[in-house]
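S.K.: Let me give you the structure first, and then I'll get to my questions.
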Amino acid sequence: GVRVVCEQSLHVQAEDRKMKYQWKFRVHSQMPLQHVALLKREPGVNFYLSGNGLSRGLHYIRGEHVATLPSSPPVALVEVCMECCTLGTFEQWVVFDFGRRPVLIQKIKVKVGQRETPQQVPSSRESSRPVNFV
């Protein structure tokens, strides 16, 4: 069997659009991990795989380049980072491929912007103020 554990929540709500975020997956499997890929590309956000010795900004790595813990069987360590420069809701699908179908997908969802709060309704006194055009 395969078990994927992520210490961080896969559903994130943030108010700061200049945020960087990171998810660390531990992949427990009898079968070696052959491929890891990020499937989605969206404007305004950059998801990428990171780790020791990896180039910056990768969306795909082969299994032999994935860091592992020296346990038996080895545990693969996959790190996904996100940098964001705009408000919105973003999704990323992290694919773990062990050479068999179906592949394993972990879905990350990030909402960047104001938290859901009741809208402030202006009082009628403010909205009916006369405006003088000069």
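The values are calculated or read from the model by the stated rules, or taken from the named source; none is laboratory data. What you see is a predicted model, and the numbers here were worked out from it, not measured in a lab. Note that we place each Cβ from the backbone using ideal geometry, even for glycine, and neighbour counts take in every protein chain shown.
S.K.: Filtering the range 64-98 down to residues that are over 13 Å from the mean Cα position of the chain (by Cα) and among the acidic types (Asp, Glu), which residue is surrounded by the fewest Cβ atoms within 10 Å (Cβ to Cβ)?
M.R.: Step by step, filter the range 64-98, then rank; the result is Glu64.
S.K.: Quick one: how many residues across the range 13-52 are over 15 Å from Cys81 (Cα atoms) and assigned to a loop (DSSP other than H, G, I, E, B)?
M.R.: Within the range 13-52, residues that are over 15 Å from Cys81 (Cα atoms) and assigned to a loop (DSSP other than H, G, I, E, B) number 8.
S.K.: In the range 32-41, what count of residues is obtained for those that are modelled with pLDDT under 95 and either loosely packed, with under 14 Cβ neighbours inside 10 Å or among the polar types (S, T, N, Q) (or both)?
M.R.: Final tally of qualifying residues: 1.
S.K.: Related question: Just name the residue that is nearest to Val94 (Cα to Cα) out of those in the range 54-63 that are modelled with pLDDT of 90 or more and surrounded by 15 or more Cβ atoms within 10 Å (Cβ to Cβ).
M.R.: Ranking the qualifying residues of the range 54-63, first place goes to His59.
S.K.: Only one of Ser71, Ser50, Ser9 is small (Gly, Ala, Ser) and at pLDDT 95 or above; which? Write out each step before concluding.
M.R.: Working: Ser71 fails: at pLDDT 95 or above; Ser50 fails: at pLDDT 95 or above.
Answer to the check: Ser9.
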